[in-house]
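Undergrad: Here's a structure for you.
The values are calculated or read from the model by the stated rules, or taken from the named source; none is laboratory data. What you see is a predicted model, and the numbers here were worked out from it, not measured in a lab. In this analysis, Cβ positions are derived from the backbone assuming ideal geometry, glycine residues included, and neighbour counts consider all displayed protein chains. Areas reflect the complete protein model, heavy atoms only, side chains present, ligands, DNA and RNA absent. Shrake-Rupley method; radii C 1.70, N 1.55, O 1.52, S 1.80 Å.
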Amino acid sequence: MRDGGSGPARRRTARQYIPPQHGAWAMLLVPWLAGVLVAGFRWLHLPLLVAWLAGYLLSYYALQAVKTRRPSRFRPQLLLYAPITAVVGGLVVLGRPEVLAYAPAYAFLLAVNAYHARLRRERALVNDLASVVQSCLMVLVAATVAGAGISRAALAFVAVLLFFTGTVLYVKTMIRERDNPAYHRISVIYHVLAFAVAACLDITLAVVFAVLLARAAALPRYRLTPKHVGIIEIGTSALVLLAAVTA
């Protein structure tokens, strides 16, 4: 006879070790994929992906420890993800030491995250933008791992940076700032500027950012659920990724 309680127990365990931040996965995978696709796949990209995901999980629970001032509460997660990040990340560094050039930028951006976690202001716009830059730098890291010059991945980096910065503003207008017309105007103005930049770079990017502008302008008028907002963002992430690697 099957144990009827094993399913709920597994789900509780998963929730204990996997953050409830569903939107973060796109911010993790899209930049990695963009860097790999524009620079060409190398075997070292696989440990880079593992270190990237484990590093995110480690940083999430470390910041939770800073926020709550109760590091012992998150000791199991820290003890799981810290060695994975160190060992697999070390393999990437051994294979391509040049990636250490990005360490100061990541250290500074993580310090910004820690500062806001300490103040319990993780939803602050500055903190969100720091996380966006961390994510998008992976485009350049992946290109460096492939032995490609930064210039080869520069356009893809700009594309995903413009996209995820706009996503931060747009999602706020759909959920936390839903009834704030000033925030909606800021989001639309940003997307107009992003479209203008994209139009200067590539016609494919211009078309995609025109779609993003229409979505930022129109959708906040509708009462969409977070689930529906997330589904739409999966589609727009795929469009931006396709445009970024073909531009």
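Undergrad: Once you put a point 7 Å from the Cα of A82 and another 7 Å from the Cα of A105, both along the Cβ direction, what distance in nm separates them?
TA: 2.7
Undergrad: If I ignore ligands, DNA and RNA and count only protein heavy atoms, how much of S151 is accessible to a 1.4 Å probe, in Å² to the nearest 10?
TA: S151 exposes around 100 Å² with every protein chain in place.
Undergrad: On full extension of the chain, what length is gained from S151 through R42, given 0.36 nm per residue of separation minus the C-alpha to C-alpha distance?
TA: Extending this stretch completely gives an extra 37.4 nm.
Undergrad: On full extension of the chain, what length is gained from V192 through Y17, given 0.36 nm per residue of separation minus the C-alpha to C-alpha distance?
TA: Result for the pair: 59.1 nm of gain on full extension.
Undergrad: Now, a different point. Remind me, relative contact order of the chain in percent, using alpha carbon pairs under 8 angstrom and six or more residues apart?
TA: For the chain, the relative contact order is 22 percent.
Undergrad: Of all the C-alpha pairs in segment 7-128, what % are more than 26 Å from each other?
TA: The share of Cα pairs beyond 26 Å in segment 7-128 comes to 26 percent.
Undergrad: Follow-up question, since we're still on this one. Let me check against my output: what whole-number percent is the relative contact order of segment 41-114, with C-alpha pairs under 8 Å and at least 6 apart?
TA: Relative contact order, segment 41-114: 38 percent.
Undergrad: When each pair of different Cα atoms in segment 74-178 is counted once in the 1/r mean, what is the Kirkwood radius in angstroms, to one decimal?
TA: 15.6
Undergrad: Another question about this same structure. Given a 10 angstrom Cα cut-off, can you work out which residue in Q64, Q134, Q21 is the most mobile in a GNM of the chain?
TA: Of Q64, Q134, Q21, the most mobile in the Gaussian network model is Q21.
Undergrad: If you don't mind, another one. Within segment 40-140, report the chymotrypsin sites (Phe, Trp or Tyr not before Pro) that DSSP leaves as loop and that have at most 13 other Cβ atoms within 10 Å.
TA: In loop regions of segment 40-140 (DSSP not H, G, I, E or B), the sparsely surrounded chymotrypsin sites (Phe, Trp or Tyr not before Pro) are F41, W43.
Undergrad: Please sort by residue number the chymotrypsin sites (Phe, Trp or Tyr not before Pro) in segment 147-247 whose DSSP state is loop and whose Cβ has at most 11 other Cβ atoms within 10 Å.
TA: Passing sites in segment 147-247 are Y222.
Undergrad: I would also like to ask the following. Once every DSSP H run of n ≥ 4 in the chain is given -39500 (n - 2.57) and the sum is divided by its residues, what mean residue ellipticity at 222 nm do you get, rounded to the nearest 500 deg cm²/dmol?
TA: -27000 deg cm²/dmol
Undergrad: For E98 and R185, compute 0.36 nm times the residue count separating them, minus their Cα-Cα distance, and round to one decimal in nm.
TA: 27.2 nm
Undergrad: Enumerate by residue number the trypsin sites (Lys or Arg not before Pro) in segment 14-118 meeting two conditions: DSSP loop (anything except H, G, I, E, B), and at most 10 other Cβ atoms within 10 Å of the site's Cβ.
TA: Those that pass, being in a loop and sparsely packed, are R69.
Undergrad: Given a cut-off of under 8 Å on Cα pairs at least six residues apart, what relative contact order in percent is computed for segment 132-247?
TA: Relative contact order of segment 132-247: 27 percent.
Undergrad: Can you give the Rg and Dmax of segment 119-166 based on its C-alpha atoms, in angstrom?
TA: 12.7, 40
Undergrad: Give me the percent of the accessible area of segment 187-247 that comes from carbon and sulfur atoms, probe 1.4 Å, all protein chains in place.
TA: 77
Undergrad: Give me the one-decimal nm value for the distance between modelled label points at T225 and L242, 7 Å along each residue's Cα-to-Cβ direction.
TA: 2.7
Undergrad: Can I ask one more? If every alpha-carbon in the chain counts as one equal scatterer, what log10 I(q)/I(0) does Debye give at q = 0.08, 0.17 1/Å?
TA: Per q value, in the given order, log10 I(q)/I(0) is -0.34, -1.36.
Undergrad: Here's something else I'd like to know. Any idea of the accessible area per residue across the chain, 1.4 Å probe, to the nearest Å²?
TA: The answer is 53 Å² per residue.
Undergrad: Expressed in nm², what is the orientationally averaged projection area of the convex hull enclosing the Cα positions of segment 189-243?
TA: Convex hull of Cα atoms, orientation-averaged projection: 3.7 nm².
Undergrad: Round to the nearest 0.05 the FRET efficiency obtained for E122 and V207 when R0 = 30 Å and r is the Cβ-Cβ distance.
TA: Using R0 = 30 Å, I get an efficiency of 0.30.
Undergrad: Please report the Cα spread of segment 150-247 along all three principal axes, rounded to whole Å, starting with the longest.
TA: Reported extents, whole Å, longest axis first: 41, 24, 21.
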